[in-house]
Amino acid sequence: MTVSATNRRVGHDFPTGPLDLIQSWLELEVRREGGEVVFRSGIPDERHYLPPGTFIFMAEGVDREGQLIDRHNLWEMVGARYRRALFPGYSDRAEYAVPVPREPAPGVLEVRARLQYRKFNQYVLDLFYPGTGLTSPITTVSEAEARVRVLPAE
């Protein structure tokens with residue numbers, strides 16, 4: 001399954017600002033018609049962290065020794081080991097391997113994709129404000145839904 005995000009009406013990169021602090025990601029949920037979840041990606045856990053494998057727009061800077069800049073100490077940054085942002089007018093695609101249940105035959109799967117955003121990632125908040133339980137609100141920037149008919153295997 002492919003989910004595409006396009007930066008259409010923003011005159012700058014999305015997200016913009018300090019990409020080591022900001023997080024924007026794709027959240028995907030696939031359900032059977034009755035509501036049973038068959039696949040999820042990008043859903044924060046109970047500690048508000050994103051699970052491994054989440055399709056995320058952010059940057060991870062590194063210092064001269066190749067160590068991660070994870071305390072917003074940007075004066076030490078000489079490069080990035082990871083950077084993903086949407087330039088104005090450009091798209092990016094996330095590919096998901098969604099397992100299709102065979103029994104009982106699913107018929108129709110309901111798919112919901114959301115582009116999520118929060119000003120501060122949870123790691124930074126936990127680092128700077130330990131033990132406070134502080135979290136950053138999550139805003140849905142855009143969302144789309146689709147129904148996919150699954151044909152029985154022959």
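Please treat every number below as a calculation from the coordinates, not as lab data. The model shown is predicted, which means the values in this text are computed figures rather than measured ones. In this analysis, Cβ positions are derived from the backbone assuming ideal geometry, glycine residues included, and neighbour counts consider all displayed protein chains.
Within the chain, what's the longest run with no chymotrypsin sites (Phe, Trp or Tyr not before Pro) in a DSSP loop and at most 13 other beta-carbon atoms within 10 Å? Give the range, please.
Longest site-free region, per DSSP loop and neighbour criteria: 91-154.
Testing the spin-label approximation: label points 7 Å from Cα along Cα→Cβ at Ala97 and Gln67. State their distance in nm.
A separation of 3.6 nm, rounded to one decimal place.
Exactly which GluC sites (Glu not before Pro) in region 44-91 are in a DSSP loop and have at most 13 other Cβ atoms within 10 Å?
Passing both the DSSP loop test and the Cβ count: Glu46, Glu65.
Report the gain in length on full extension from Glu36 to Arg149: 0.36 nm times residue separation, minus Cα-Cα distance, nm rounded to one decimal.
Extra length available between Glu36 and Arg149 comes to 39.1 nm.
R0 = 22 Å: FRET efficiency of Val141 with Leu74, Cβ-based, nearest 0.05?
0.35
Take the Cβ-Cβ distance between Phe87 and Arg47 as r, set R0 to 22 Å, and report the resulting FRET efficiency rounded to the nearest 0.05.
For R0 = 22 Å, the calculated efficiency reads 0.10.
If we count every other residue with Cβ under 14 angstrom of Pro130's Cβ, Lys/Arg +1 and Asp/Glu -1, where does the sum land?
Here the count lands on +1.
In a GNM of the chain with a 10 Å cut-off on Cα contacts, which of Thr132, Thr140, Thr54 has the highest mean-square fluctuation?
Thr132
Using DSSP to call loops (not H, G, I, E or B), can you name the trypsin sites (Lys or Arg not before Pro) in region 1-84 whose Cβ has at most 16 other Cβ atoms within 10 angstrom?
Here the sparse-neighbourhood loop sites are Arg8, Arg9, Arg47, Arg64, Arg71, Arg84.
Mind listing the Cα extents of the chain along all three principal axes, in Å, largest one first?
Between the extreme Cα coordinates on each principal axis of the chain lie 59, 39, 28 Å.
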